[in-house]
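Note sheet for the following structure.
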Amino acid sequence: MITNLLRAERIKLFSTRAPWWCLAIAFVAPLGFTALFFALAGPEIPATVGNTQLASGNGRTVLLVLAILATASEFNWGTMRLTFQAVPSRVPALVAKLAVLAALGAVLGLVVGFGSWGLASLVQPDADLALHSAADWRAVLGQSLVFLFTAVAGVGVALLLRSVAFGLTVVLVWTQVLEGLVILIPGAGRHIYQWMPFHAADEFVGAGGFAAGPLRLPDAPLGPWGYLGYFAAITVALFVAGVLVTARRDA
């Protein structure tokens, strides 16, 4: 049964052009920004492995869009109702959808992480961008875990809101506006920002912003793996909440 559910979710996911466009944009956007960044950056900006991942957030945002389109659109078009008629317990079907999208996210993160690093190495061949340390490997390889849990968050939000428009509005405003504005709150903003979920994801891979200047952050309250656990806990909580809500409501 599980195999059939996974196959059905894979077929549904790639039955339209939207996922293919999302995957293309999620790959091209961070790599294009990385190429421009390393081509135009002056000597005051160091060429480090961590900096090769500064644009990975663009890919994560597109992955959120993909997860919400793939999940919430089924409520809008009524295909989720047909799925629940075939799987009355609902939870296995939702877990299968999550598994497909999370696996896709993990692969996409791997491609974006190594692609950005490799492209930066080509643009600045004289820079020492070799993966010498565990932190360097975490910055590149860790994108796979970050993208995986980003997909989990997208599915969770979609199950909670059941609306493509509402879901996209929430994730885009959160990732593109709110997290960045929090740090501007006088006094407590820098401390609150340290607990923002996608900042936590950046801290895990070593691509956190605001490293210098007047907005410099205080010492991080968690280590890299602690931040990953924190980010993962938030995304899993969103998914569990979405499953509980979906199990109790009409499709």
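Listed values, structure above:
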| read-out | value |
| --- | --- |
| Candidates per trypsin sites (Lys or Arg not before Pro) in region 1-88, loop by DSSP, up to 13 other Cβ within 10 Å | Arg17 |
| 12 Å beta-carbon shell around Val243, net charge (K/R +1, D/E -1) | +4 |
| CD proxy at 222 nm, helix term only [per DSSP H run n ≥ 4: -39500 (n - 2.57); per residue of the chain; nearest 500] | -23000 deg cm²/dmol |
| Ordering of 45-53, 241-249 by packing [mean C-beta count within 10 Å, highest first] | 45-53, 241-249 |
| Segment Trp20-Leu184, length gained on full extension (0.36 nm per residue, minus Cα span) | 55.4 nm |
| Fully extended contour minus Cα-Cα distance, from Leu40 to Ala134, at 0.36 nm per residue | 31.0 nm |
| For Ile234, solvent-accessible area (1.4 Å; no DNA, RNA or ligand), Å² | 50 Å² |
| Label-point separation in nm, Ser89 to Gln176, each point 7 Å along Cα→Cβ | 4.0 nm |
| Listed candidates (i) 34, 21, 15; (ii) 24, 23, 16; (iii) 31, 19, 17 - label of the one calculated as semi-axes √(5λ) of the Cα gyration tensor in Å | (i) |
| Degrees separating the helix 224-248 axis from the principal Cα axis of the chain, which is the longest one | 20 degrees |
| Positive-end extreme of charge dipole, the chain - chosen from Thr61, Leu122, Val100 (charges on Cβ) | Val100 |
| Between 0 and 90°, nearest 10: helix 143-161 axis offset from the chain longest Cα axis | 40 degrees |
| For region 99-217: rounded, prolate or oblate by the Cα gyration tensor [a/c cutoff 1.5] | oblate |
| Contour excess over end-to-end distance, with Cα ends at His191 and Leu222 and 0.36 nm allotted per residue | 9.9 nm |
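The values are calculated or read from the model by the stated rules, or taken from the named source; none is laboratory data. Quick caveat: nothing in here was measured; it's all calculated off a predicted structure. Heads up, the Cβs are rebuilt from the backbone with ideal geometry, glycines too, and the neighbour counts pull from every protein chain shown. In case anyone asks, the SASA skips ligands and DNA or RNA and just uses the protein heavy atoms, side chains included. Shrake-Rupley method; radii C 1.70, N 1.55, O 1.52, S 1.80 Å.
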